[in-house]
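The block underneath contains the structure these notes are about, expressed in structure tokens.
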Amino acid sequence: MILIIDSFFTGSHKYWGTQMKNLLPFEVELLSLSGKYWKWRMEGGAIELAEKFKNLPKKPDLIIATDMVNLPLFYAYAGITKNEIPCIIYFHENQFAYPESEFDTDKKNNRDNHYGFINITSALFANYVIFNSDFNRKSFYEGATKLFKKLPDNSLVKSFNNIKSKVIYSAIEKIPPRNKPKSNVPIILWNHRWEFDKNPNMFIEGLEYLQTKNIDFKLIILGKGTEDQKAKKLILSKFPTETLHCGFTETKEEYYDLIAQATHLPVTSKHDFFGLSVAEAMNQGVFAILPNHQAYPEHLVKNESSGVIYNFPNDFLKALENSISTFSNSSTRPDFFWDAVIKDWTKFINSL
């Protein structure tokens with residue numbers, strides 16, 4: 001039996017864990033905590049999970065933990081060893097590559113490296129480390145290396161260099177592409193969270209720029225937070241005639257129906273370790289306008305005609321204008337599906 005443990009089971013974490021349980025050709029169980037207060041979950045979630053673990057009727061043969069779990073702390077409190085139960089840690093994200101929030105108080109308290117160090121000790125403890133993108137892997141190693149240089153000695157470096165790791169991408173459900181309605185006007189899509197790290201201000205700036213150029217467009221705004229009155233009021237006040245839809249959708253059917261209407265996806269995010277929403281849009285034939293950082297260039301590997309890469313942030317307006325001006329109703333559809341990803345996971349687990 002494989003046990004997946006996650007102390008922040010919501011959003012992309014919950015989606016990934018549920019799909020792994022349903023699709024892996026093994027017996028898989030989930031042990032999780034709700035997705036709230038992420039810092040406390042990284043600090044103390046391992047202890048809560050360990051107490052739940054002790055009450056399991058059956059102990060697993062393998063543990064797969066996410067990066068939000070303090071893995072050595074979990075093993076210590078659970079009273080188990082790696083010799084008894086080997087473990088893999090799966091990095092949805094890493095704490096070195098997150099942009100700093102203006103609301104984060106840890107910088108003032110000189111705790112900037114604390115959560116990154118939890119990631120390091122978990123990676124050192126695990127038998128194997130899996131990352132969901134090459135950007136995630138590289139940024140973790142770069143961040144850890146910088147941190148080691150600040151330490152009074154480099155005794156951890158040798159152990160860190162012996163970490164075994166590989167990349168297995170995140171994935172999306174195999175939703176058949178909808179028939180894209182013909183449109184004489186580009187339809188611009190936003191299907192991310194309406195939060196600072198996704199950089200909605202830059203997105204708005206791009207739309208206002210198109211208006212100054214007298215370039216017609218329509219808008220479909222989706223994602224958590226877009227139903228918020230403040231965000232909705234902003235969109236409707238600035239683009240009242242352009243907006244076809246604004247707000248979070250409760251059903252996947254409605255979500256994919258709306259995505260399928262769009263023609264262009266301008267991405268302005270400050271960070272993304274994979275970009276599920278980008279993959280979902282691209283699979284419905286939406287042309288992606290992607291920044292040249294984070295994991296975004298990886299979306300166009302072997303799929304060059306599905307989008308364009310721009311130099312972030314300076315070339316965004318130019319890339320947006322060029323893409324919209326050369327409007328086309330057709331776009332190739334790359335594959336980011338679970339069937340291939342589950343094969344990778346299955347082969348890897350069997351190799352252990």
### Phi to ³J(HN,Hα) by Karplus 6.51 cos²θ - 1.76 cosθ + 1.60 over segment 154-166, Hz, x for Gly, Pro
10, 5, 7, 4, 4, 5, 5, 5, 8, 4, 9, 9, 7
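Restricting to DSSP H runs of at least four residues, report the calculated mean residue ellipticity at 222 nm for the chain, -39500 (n - 2.57) per run over all residues, nearest 500 deg cm²/dmol.
Here the helix-only value at 222 nm equals -12000 deg cm²/dmol.
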### 5 angstrom amide H check on F287, placed H, neighbours 5+ away
H264, L265
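Taking Cα pairs under 8 Å and at least six residues apart, what relative contact order does segment 187-325 come out at, in percent?
On the way: 211 pairs, mean separation 34.5, N = 139.
So the answer I get is 25 percent.
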### Message
Can you give me the long-range amide H partners of I215? Hydrogens built in the peptide plane at 1.01 Å from N, cutoff under 5 Å, separation of 5 or more residues or another chain.
### Response
none
### Task
Pull up all non-local amide H partners of T243: gap of 5 or more, or a different chain, and H-to-H distance under 5 Å with H placed in the peptide plane.
L219
### Task
Give the residue from L320, A288, P60 lying farthest towards the positive end of the charge dipole for the chain; charges sit on Cβ (+1 for Lys and Arg, -1 for Asp and Glu) and the dipole is referred to the Cα centre.
P60
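Take every Cα pair under 8 Å in the chain that's 6+ residues apart, average their separations, divide by the length, and report that relative contact order as a whole percent.
On the way: 578 pairs, mean separation 50.0, N = 352.
Normalised by residue count, the contact order of the chain is 14 percent.
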#### Entry: Equivalent ellipsoid semi-axes - Cα gyration tensor, the chain, angstrom
38, 22, 19
### Query
What is the dipole size for the chain, taken about its Cα centre, with +1 at each Lys and Arg Cβ and -1 at each Asp and Glu Cβ, in debye to the nearest 20?
380 debye
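Can you give me the span-like helices of the chain, meaning DSSP H runs with 30 Å or more of Cα extent along the axis and Kyte-Doolittle mean at or above -1.0? Mind dumping the intermediate values first?
On the way: long enough: none.
For the chain, where a helix must reach 30 Å along its axis and average at least -1.0, there are no hits.
Output the pairs from K174/K347; K180/K230; K59/K174; K54/K224; K224/K347; K138/K232 with a Cα-Cα distance over 26 Å in this structure; if there are none, say none. Let's see the in-between values first.
Details: K174/K347 21 Å; K180/K230 31 Å; K59/K174 33 Å; K54/K224 36 Å; K224/K347 35 Å; K138/K232 37 Å.
In this structure, K180/K230; K59/K174; K54/K224; K224/K347; K138/K232 exceed 26 Å between Cα atoms.
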#### Entry: Spatial separation of Cα centroids for segment 272-326 and segment 45-60, in angstrom
42 Å
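Mind ranking 342-351, 130-139, 144-153 by how tightly packed they are, going by the mean number of other C-beta atoms within 10 angstrom, highest first? All intermediate terms of the calculation are to be shown ahead of the outcome.
On the way: 342-351: 13.6, 130-139: 21.8, 144-153: 11.7.
Packing proxy ranking, top to bottom: 130-139, 342-351, 144-153.
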### Query
What dipole magnitude, in Debye to the nearest 20, does segment 187-325 give about its Cα centre under +1 on Lys/Arg Cβ and -1 on Asp/Glu Cβ?
240 debye
#### Entry: Estimated translational D of segment 187-325 in µm²/s (Stokes, Kirkwood radius over Cα pairs; 20 °C; 1.002 mPa s)
144 µm²/s
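Throughout, read-outs are computed from the coordinates displayed, never taken from laboratory work. This structure is a prediction, so every number in the text was calculated from the model and none was measured. Don't worry about glycine lacking a Cβ; one is built from the backbone with ideal geometry, like all the others, and counts go over all protein chains shown.
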